[in-house]
Amino acid sequence: MASLRSFDFREYLKSLLYVFYIFRKPLAGFWDLIHEGKGSMAAAHTFVLLMIVVQVLRQTVSNFQFVNINMESFNIVMVFMQIIIPMFLWCVANWSLTTLLDGKGKLSHIYMGAAYALAPMIIIDAALIPVSHVLTYDEAMLYDMFTQIGIGWFVLLLLCAMKEIHDYSFAKAIGSSLLTVLAIGIILFIFIMFFAVISDGIAYVISLIQEISMRL
Amino acid sequence: MKRFLCIVLACAMLMGVPVSVTASQTGSFTYIYNYWGIATPSPDAYTVTAFLLGDQFGIGHFVRPQHLFAIEDRLYVVDTGNSRVVTLRANPDGTHDLLEVRYYATMDGAATRFNGPMGLFVSDWGDVWIADTYNHRILHMDENWNVIREILQPEGSLLEEQHDFLPENVAVDFTRRLFVQTRHVNRGLMEFDRYGEFAVYTGAAPVFVGWWDRLWRRLQTQAQRDVQAPFIPTEYNNVRVDHEGFLFVTNTNSNVDSVRRLNTMGSDVLIRNGQFDIEGDVSWGNIHGITGPSQFIDIASLENDTFIAFDRVRGRLFSYDFQGNLLYVFGGVGNREGHFVEPSSLVSMGTTLFALDAHTGGITRFDFTDYGLAINNALDLYRRGLYEESAEYWQDVLRMNGNFRLAYLGIARSLLRQGYYREAMRYFRLENDAQGYGRAFRFYRRQWMEQYFWMFAVALGVVMIVPPVIKRINKVRREIKEA
């Protein structure tokens, strides 16, 4: 409760709006985000949360000409997972890698950088929701273009964030990011294998118990 | 007893046994795929009106009959196992009479018997062609079955040496060219000119070689390549001429379009604007080993370019409209009315369908229900561009089946034509037609802009005029004060 009471709303708002400085000067922005304490974890959480909210809205209230999913099979938890899990994997995989590659960033820094990098996608996707109700199917190219700009911007910001947080050169930032993607693949593979082994193990024990109980 | 039934039913449901609740008395089940590719029930479009066996006409059972042909009110049954052709007549009152049974044709004054014929074609001017398969010949006869010409294996037709000439299906177009689907021939159809001279192979399906196959082949040695199955065009299994003179061919190769509609040049002109490929079932499970994609073996086409494809895997009939939209699916595998054990041929007489089962030797006759007729009538008008007129029939269809996508789109298009953009948008939205919706919406947007443009103009004017005026007033006031 104490932490909540000491929560400085003005500081929070300042760290939230700092993202616009990042838009203008990504490199300096991400450097100061970490090293000058301009960013806050609260703002990072806010961006992730906003991303989830915007993606849910995009899939539910956009005009069906551009986003059409079967509402019978729509699952809000899935949208949640689609954002949280990659985020989590990226942070863990990147941190694991960069500690070996003289990265300066801490886990919380990586998370903060990635969360701040989401901002352009949040803004563009949010703006596209009302726009989707004004455009027609023939103008889908425009819609797609803006979606792609959002993604491209996000990727660029993420690279800048990784560069500044770990104090890398650009080439190293790109290389470590590619390796991170590979590491995510390895983590997923081990995860799936682990679960398969566990379930097989449990099945084995169950069948063993059944066998024994029938013999008795 | 009732309680027992309930328990049995509950058990069946728990065990995952599908408890089918059939809507109609005939026990048939008609369905259609909705926008999301899920099979949804539909009223019966076709219903069984007769089941014909050879025995009924006192000529003994049909034995492995392979082909049906219909012209005017005559139905020809190519009774392959008995090496004969049986002609029936469909009377307007729904009964059927035996016209004649043919075991032989007359050639040079002598009778020449058929041997396992598999295909037949009768032209509007009365000439008859028969694919006399196991005699390795095609006979061209006049209306009295006097042979005009006997077509044997053509010289230089490049038929591979080890294979006999086994013509299975024949079709003749309005230029009197003869198209023959022959077993073991993968170069397409054999085309003969009107004098029975072999002309050319036509309409072969393009060979599909995936990038993986390409890569794999590149890595292989010559010896490995030699033993591997070569990439050759697929064999057709049937050929039909539709009312416009185009050739419908079918094949069962999963890499090639199941149905192709060939023009006189031999290229495919089938319109595929439907939501799903013209490949039969969109998804399937495994029921007692019956699985995999549909395999079409015959096509029956109606006057309005609707065509019905016969699937030999599940004994189903898939009806497609002139744009390639799936209309309804019915039939099935089994020993029940409207079901088939070994589908072999399908033909249309007007809008009536006759489907042949090689195993039972029975011919199942299907006729339109009110539902099927409403769809057909709507399509008749719709195809001619009479959207407003067709909308009335689409309304009828919707009353009988709220799941019928085309009806919504038909009504939407008619509303769009009449300028009811809002309503059209609603109907397009209901069936997830983004393109149609976009078209209606563009008109609606323009209308809306024209209607409310003055608001924007006024707002703009206010924004541009009011602040300077206020400034001015303040200035004047200040000056007055100072003065």
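Yes/no per residue for (1) within 14 Å of chain A (Cβ to nearest Cβ); (2) touching a strand residue (DSSP E or B) at 6+ places or on another chain (Cβ under 9 Å); (3) closer than 30 Å to residue B:30 by Cβ:
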site: B:401; (1), (2), (3): no, yes, yes
site: B:406; (1), (2), (3): no, yes, yes
site: B:411; (1), (2), (3): no, no, yes
site: B:414; (1), (2), (3): no, no, yes
site: B:423; (1), (2), (3): no, no, yes
site: B:429; (1), (2), (3): yes, no, yes
site: B:435; (1), (2), (3): yes, no, yes
site: B:441; (1), (2), (3): yes, no, no
site: B:444; (1), (2), (3): yes, no, no
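Please state which of the following conditions residue A:138 fails to meet, knowing it meets all the rest: (1) open to solvent by 70 Å² or more (accessible area, probe 1.4 Å); (2) away from every other protein chain (no Cβ under 13 Å); (3) of a type in the set (Asp, Glu); (4) not in a loop (DSSP other than H, G, I, E, B). For residue A:138, the exception is condition (2).
Scanning the stretch B:335-371 for residues that are in contact with a Leu (Cβ under 7 Å, 6 or more places away or on another chain), farther than 14 Å from residue B:78 by Cβ, among the polar types (S, T, N, Q) and assigned to a strand (DSSP E or B) gives a single hit, B:348. Of the listed requirements (1) under 25 Å from the mean Cα position of the chain (by Cα); (2) of a type in the set (D, E, K, R); (3) loosely packed, with under 15 Cβ neighbours inside 10 Å, residue B:431 misses just one: (3). Has the stretch B:385-396 got at least one residue that is in a helix (DSSP H, G or I), open to solvent by 30 Å² or more (accessible area, probe 1.4 Å), in contact (Cβ under 8 Å) with a residue 60 or more places away in the chain and within 24 Å of residue B:300 (Cα to Cα)? For the stretch B:385-396, residues in a helix (DSSP H, G or I), open to solvent by 30 Å² or more (accessible area, probe 1.4 Å), in contact (Cβ under 8 Å) with a residue 60 or more places away in the chain and within 24 Å of residue B:300 (Cα to Cα): absent.
Among the residues here, residue B:21 does not qualify as β-branched (Val, Ile, Thr), in a loop (DSSP other than H, G, I, E, B) and at pLDDT 90 or above. Can you name the residue in the stretch B:434-462 that is of a type in the set (Gly, Ala, Ser) and surrounded by fewer than 18 Cβ atoms within 10 Å (Cβ to Cβ) and is also nearest to residue B:386 (Cα to Cα) among such residues? The qualifying residue nearest to residue B:386 (Cα to Cα) is B:457.
Looking at the stretch B:73-94, which of its residues are open to solvent by 50 Å² or more (accessible area, probe 1.4 Å) and in contact (Cβ under 8 Å) with a residue 40 or more places away in the chain? Selection gives B:73, B:74.
Yes or no: residue B:273 at pLDDT 85 or above, in contact with a Phe, Trp or Tyr (Cβ under 6 Å, 6 or more places away or on another chain) and either more than 29 Å from residue B:166 (Cβ to Cβ) or of a type outside the set (Ser, Thr, Tyr) (or both)? Spelling it out, it is not the case that residue B:273 is at pLDDT 85 or above, in contact with a Phe, Trp or Tyr (Cβ under 6 Å, 6 or more places away or on another chain) and either more than 29 Å from residue B:166 (Cβ to Cβ) or of a type outside the set (Ser, Thr, Tyr) (or both). Entry remark, the stretch A:158-205: residues being open to solvent by 80 Å² or more (accessible area, probe 1.4 Å) and under 13 Å from residue A:110 (Cα atoms) number 1 in total.
Taken together, the residues in the stretch B:54-67 that are assigned to a loop (DSSP other than H, G, I, E, B) and either open to solvent by 40 Å² or more (accessible area, probe 1.4 Å) or without any contact (Cβ under 8 Å) to a residue 24 or more places away in the chain (or both) amount to 6. Any chance the stretch A:107-123 includes a residue that's within 21 Å of residue A:44 (Cα to Cα) and either within 14 Å of chain B (Cβ to nearest Cβ) or not in a helix (DSSP H, G or I) (or both)? Scanning the stretch A:107-123, I find at least one residue that is within 21 Å of residue A:44 (Cα to Cα) and either within 14 Å of chain B (Cβ to nearest Cβ) or not in a helix (DSSP H, G or I) (or both), so the answer is yes. From the list B:364, B:360, the lone residue that is open to solvent by less than 30 Å² (accessible area, probe 1.4 Å) and away from chain A (no Cβ under 14 Å) is B:364. Condition test on residue B:116, is it touching a residue at least 12 places away in the same chain (Cβ under 8 Å), part of a loop (DSSP other than H, G, I, E, B) and surrounded by 16 or more Cβ atoms within 10 Å (Cβ to Cβ)? When the stated conditions are applied, residue B:116 passes them.
Counting only strands (runs of 3 or more DSSP E) that fall entirely inside the stretch B:164-279 and contain at least 2 residues that are of a type in the set (Val, Ile, Thr), the qualifying elements are B:167-172, B:178-182, B:198-202, B:238-241, B:247-250.
Residues that are open to solvent by less than 60 Å² (accessible area, probe 1.4 Å), modelled with pLDDT of 90 or more and not aliphatic (A, V, I, L, M) number at least 1 in the following helices (runs of 4 or more DSSP H) confined to the stretch A:1-93: A:9-24, A:26-35, A:41-61.
Any idea which residue in the stretch B:470-483 is nearest to the other protein chains (Cβ to nearest Cβ), counting only those that are assigned to a helix (DSSP H, G or I) and surrounded by fewer than 10 Cβ atoms within 10 Å (Cβ to Cβ)? The selected residue is B:481.
The values are calculated or read from the model by the stated rules, or taken from the named source; none is laboratory data. Bear in mind the structure is a predicted one, so any value in this text is a computation, not a measurement. Neighbour counts run over all protein chains shown; Cβ positions are idealised from the backbone, glycine included. To get the accessible areas, we keep the full protein, side chains included, count just its heavy atoms, and leave off ligands, DNA and RNA. Shrake-Rupley method; radii C 1.70, N 1.55, O 1.52, S 1.80 Å.
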